[in-house]
Structures are given as structure tokens and as C-alpha cells.
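Read the structure below first, then the notes.
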Amino acid sequence: MNRRQMITGAAAMSAVLSSSAHATGADRSFLEITTWRLHNSDEDQAKRVSDYLEGGLFPALTRAGARPIAAFATLIGPDTPTLFSIAEYTSLGSMQEVLSHLGSDAEYNKASQTVGSGPGMPFVTMESSLFHNLAVLPQAVLPTDASSRPARIFELRTYQSQSMAARQKKAGMFNNGEIGVFQRLGMRPVFIGESIVGPRQPNITYMLSFDNLEGRETHWKTFGSDPEWKKISAPAELKDSQIVANISNIILRPLAFSPMR
């Protein structure tokens, strides 16, 4: 699926966007997460894609009015090596405008030619998914202290639900307390969105950041025993067995130029 096809699919899904509590917030942005699947070879795919993101795509997105959020490499997860790039758009309309700008951006087109001009393939495949942020975090939260501390690790979590109604209930939990618990405990939510284009739907995907792997383990243990979280998750109809069919997570590390680090 190319990006223009993705816009068409997203428009067709617009009726779904009211599924969560507080879904009427006009300031809820859209996030595009692109997965760059690579292989280890003399083609040096990781460097080629990283250079393209840093010197080509991210500057072009900024010029066109989008906000590059992050560039990551997989630290712990399947199908490595893999890179991830994340971009934020204020609306589906603005996303379409950005795509139009990219088509006429000479510097971006030059970078696109460069990444494909080396030996073999620059990557195996790229896969994009589109998310509409929940009202509790209407835009991605970028750090303000990135230059004064070591880079963090990031956990990308996907909660796949049994049905649209089940996803609505899980979105309500996030909007009405669960993200607040993360914030209070220092688990640093970065974004949380409902998938509107992409695999394993219906799902909610979100990201947390931690100082290190040890800190991640400590925070999740604290979260599991937190009284407020136990109260939020106590109703029988909100148990994972009722509203979360599967949970997957990937641990990521930021690339050197990533705004999110």
C-alpha cells in the first residue's frame, strides 16, 4: 500500500474515529509509523536508510509542515535489523498536503534517488501504519531535555482488541485514568493512538520511555501493584480477557538524530 492509497483508506475509516471516549477533540493529531525492514549485507541498508531519514525525509517533512517525531532501531524485537520512523500530522488533510509538497521538493527527490543508487536494495520493504491519537494525549510529547542526558530506551506496545466495541472500552480506560497512572509513576507516555490504517486491527498502540532496561522492569512492577490501576482495571468487563486479545511490544533505541531520544 502506498501513502496515497493509505489516505483513501483513512478517509473511509473516518466514521470509526469517534469510538473512544472524548473522541471529539479537534486537536487530536495523526501519527504515521513506518517500519523499515532490512537485512544484514554488504548493501549497508541500515546506514543508507538512516542517512535518508536524517538528510532527506525528516528535513522535507519539516519544510512541508509535518513534524518528524522519532527514528529508532530495534533493540529487542522480531525481524531485526529493523528501523522505525514516526511523523505527525495535524489532520488527514494536512497529511495529503505534505505528500503533495514532497513530490515537488527537489532536495527530497534527490535524497530519494540517492538512497536507491547504491548496490542492491536500500531496504527489504517499508510498511506504514496510521494512528489517530487519543484525547488524553492529543499530540506526541517530545522531550525538552534530550541534549542534557543520555538517550533513553522506548517501548512500543500494541493492544489488539477482540472487536471495535472492545477497543472502545480499552480506549476509555486510557483516556480516563490509565495514562495518568503511567505519568504519575514516571513511565513517560510519548503517544497513544487508535489504528485506522495498518495490520492487526482493531488495536491501540502507544509508546513509553525509560532510562534503561532495569528501570523499565521496576516501573512495570510498580504499575502492576498500583492501587489506582487496580481500581481502574477491577470491573469484570474491563479485564484483558474481555477487551485485549493480544499484546505485543518492541524495545527501541533512538538513532543519533532522532528528535525523540
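Read-outs throughout are calculated quantities, based only on the coordinates presented, and are distinct from any laboratory measurement. Model, not experiment: these values are computed from the prediction. Glycine also receives a Cβ, built like all others from the backbone with ideal geometry; neighbour counts cover every protein chain displayed.
Side notes on the structure shown:
- Per residue, the convex hull spanned by the alpha carbons of the range 188-261 comes to 126 Å³.
- Taking the Kirkwood radius as Rh and the Cα radius of gyration as Rg, the range 3-254 has a ratio of Rg/Rh equal to 0.97.
- Across the range 3-254, C-alpha contacts under 8 Å between residues 6 or more apart give a mean separation that, scaled by the residue count, equals a relative contact order of 26 percent.
- Rg followed by Dmax, in Å, when the range 110-177 is reduced to its Cα trace: 18.7, 51
- Kirkwood hydrodynamic radius over Cα pairs of the range 77-124, then Stokes diffusion coefficient at 25 °C and 0.890 mPa s, in µm²/s: 184
- Given charges at Cβ of Lys, Arg, Asp, Glu: the chain dipole, positive-most of SER195, TRP229, LEU38: TRP229
- Principal axis box of the range 48-192, alpha-carbon based, largest edge first, Å: 48, 36, 35
- Calculated diffusion of the range 137-232, Stokes-Einstein form, Kirkwood radius summed over Cα pairs, 4 °C and 1.567 mPa s, µm²/s: 90
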